[in-house]
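Novice: Sharing a structure below in structure tokens format, with a few things to ask.
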Amino acid sequence: MSASNPANQIADTSALVLLWCGAEIYDSSAVQRYAQMLDLSRGEELFAICNDIWPHYESVIRFRKICIQKEAKSILSQGDIRQVIIPGAGFSMLGVELVDLFPNIKVYELDAYQMQEKQAIVNNVFASTDRELCCMTVDVRETEECCKSLAAAGWDSHEPSLMIIEGLTYYLTKESVRRQWQHLPEKSKIIVEYLVPYEQVNGNRRAIPKLVFDAIMNYCSGDLEVSHWSEDELKREVGVQLDFCHSLSDIESWMAGERRFFTERHEGWIEIAGLTRCTP
Ligand SMILES: C[S@@+](CC[C@H](N)C(=O)[O-])C[C@H]1O[C@@H](n2cnc3c(N)ncnc32)[C@H](O)[C@@H]1O
């Protein structure tokens, strides 16, 4: 992937996600200011395609984002971790929220596209504050390059970090996903969102993720193959320990009073796991 290749439309998926779930789930005033400066029109074509496949797709993205921010805030509240890395951040609002609510942390966002544009917006949002959110243009598959860019921006590779991998694993090979956390020191935490193998999704739901991801890949016109992960695979991963795994059904059950789209685990197709980096 070349960051200067305008033909690659994978970056539009970042706007797509925000059309489904934006500032409404966040607490900070910084996110509200940031949201007003975004232009999400690049995601509209995909938004219409995906909503035609399943009109409730918004719930998938909303539940995933609610879960990820809850877990990230819980880890950062403990106070031991003060560096956050978000590969494939796109225009996500999470880094803005975290750096506003936890002023002593530094957030590093990596993406192959639109990072200069995002940095300009972020600088505007945090003008006259000392909040540190650094947006870097890099292909996250190039681990050495990522480490160099992170170090140049002040990241301390010996201090534990929180890495948040959201909306990205399906576009990377498994080896590339592993390489995201392999350069983190022990005691680092990783929150990773992934697509479960289609055969693990109930028959009445299986076509939805398949059609949506086929449509996205088709739109991106790349030669990408969708990657899948499972809780069992993550349990067997070397160099990380599995701390938690939440299904869409778990997350929906936290929100009393909401309509139940995911009555049990296998009605959903994405999950969010928490890992701790450890010695192999
Ligand atoms: C579906 S969006 C997710 C954005 C954000 N993480 C979220 O969940 O709201 C996928 C993002 O990953 C980025 N991306 C995909 N492959 C990448 C790669 N190899 N290197 C850097 N960024 C990549 C895209 O540019 C896009 O911004």
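We did not get these values from a lab; they are worked out from the coordinates using the rules stated. Everything numeric here is computed off the predicted structure, so don't read it as measured data. Neighbour counts run over all protein chains shown; Cβ positions are idealised from the backbone, glycine included.
Novice: Pop out the ³J(HN,Hα) list for region 86-96 in order, Karplus 6.51 cos²θ - 1.76 cosθ + 1.60 with θ = phi - 60°, rounded to Hz; leave Gly and Pro as x.
Specialist: Listing the rounded values in order: 10, x, x, 5, x, 8, 3, 8, 4, x, 5 Hz.
Novice: Applying the Karplus parametrisation 6.51 cos²θ - 1.76 cosθ + 1.60 with θ = phi - 60° to the phi angles of region 262-279, what ³J(HN,Hα) value in whole Hz is obtained for each residue in order, glycine and proline being reported as x?
Specialist: 10, 6, 8, 3, 7, 7, x, 10, 10, 9, 10, 10, x, 10, 10, 6, 9, 6
Novice: Under a point-charge model restricted to the Cβ atoms of Lys and Arg (+1) and Asp and Glu (-1), what is the dipole moment magnitude of the chain relative to its Cα centre, in debye to the nearest 20?
Specialist: 340 debye
Novice: Extending each Cα 7 Å along its Cβ direction at residue 173 and residue 218, get the distance between those two points in nm, one decimal.
Specialist: 2.7 nm
Novice: In the Gaussian network model of the chain, springs joining C-alpha atoms below 10 Å, which of 180, 78, 119 carries the largest mean-square fluctuation?
Specialist: Among 180, 78, 119, the largest GNM mean-square fluctuation belongs to 78.
Novice: How would 85, 270 line up from fewest to most surrounding beta-carbon atoms within 10 angstrom?
Specialist: Ascending Cβ contact count within 10 Å gives the list 270, 85.
Novice: Please identify, among 263, 129, 169, the residue showing maximal mean-square fluctuation in a Gaussian network model of the chain using a 10 angstrom Cα cutoff.
Specialist: 129
Novice: Using +1 at the Cβ of each Lys and Arg and -1 at the Cβ of each Asp and Glu in the chain, identify which of 116, 273, 76 lies farthest towards the dipole's positive end.
Specialist: The residue sitting farthest along the positive end of the dipole is 76.
Novice: Specify the residue with the greatest mean-square fluctuation among 166, 142, 267, computed from a Gaussian network of the chain linking alpha-carbon atoms under 10 Å apart.
Specialist: Looking only at 166, 142, 267, the biggest GNM fluctuation is shown by 142.
Novice: Once both labels are modelled 7 Å past Cα along the beta-carbon direction, what's the residue 187-residue 45 spacing in nm?
Specialist: 4.9 nm
Novice: With charges only on Cβ, +1 for K and R and -1 for D and E, what is the dipole size of region 2-127 about its Cα centre, in debye, rounded to 20?
Specialist: In debye, rounded to 20, region 2-127 gives about 360.
Novice: Then there is this: Among bridges DSSP assigns within the chain, what percent are antiparallel (round to 5)?
Specialist: So the antiparallel bridges amount to about 45 percent of the total.
Novice: Do any trypsin sites (Lys or Arg not before Pro) in region 154-251 lie in a DSSP loop with no more than 13 other beta carbon atoms within 10 Å, and if so, which?
Specialist: Within region 154-251, the qualifying trypsin sites (Lys or Arg not before Pro) (loop, at most 13 other Cβ atoms within 10 Å) are 187.
Novice: Which whole-Hz couplings ³J(HN,Hα) result when phi for each residue of region 223-233 is put into the Karplus expression 6.51 cos²θ - 1.76 cosθ + 1.60, θ = phi - 60°, listed in order with x for Gly and Pro?
Specialist: Karplus-based 3J(HN,Hα) across region 223-233 equals 9, 6, 10, 6, 9, 10, 9, 9, 4, 4, 5 Hz.
Novice: What ranking do 87-96, 243-252, 48-57 get when scored by the average of other Cβ atoms within 10 Å per residue, highest first?
Specialist: Going from most to least packed, we get 87-96, 243-252, 48-57.
Novice: If amide hydrogens are placed 1.01 Å from N in the peptide plane, which non-local residues have theirs closer than 5 Å to the one on residue 132?
Specialist: Amide H neighbours of residue 132: 107.
Novice: Moving on. For region 182-235, with only Lys/Arg (+1) and Asp/Glu (-1) charged at the beta-carbon, what is the dipole magnitude about the Cα centre, in debye rounded to 20?
Specialist: That gives a dipole near 220 debye.
Novice: Summing Lys, Arg as +1 and Asp, Glu as -1, what charge do residues with Cβ under 10 Å from the Cβ of residue 201 carry, residue 201 excluded?
Specialist: Charge balance in the 10 Å sphere: +2.
Novice: Please list, ordered by chain and number, the residues whose modelled amide H lies under 5 Å from the amide H of residue 110; skip anything fewer than 5 residues away on the same chain.
Specialist: Result for residue 110 returns 86, 88, 89, 136.
Novice: Modelled label-to-label distance, residue 210 and residue 159, 7 Å Cα→beta-carbon offset: nm?
Specialist: 4.8 nm
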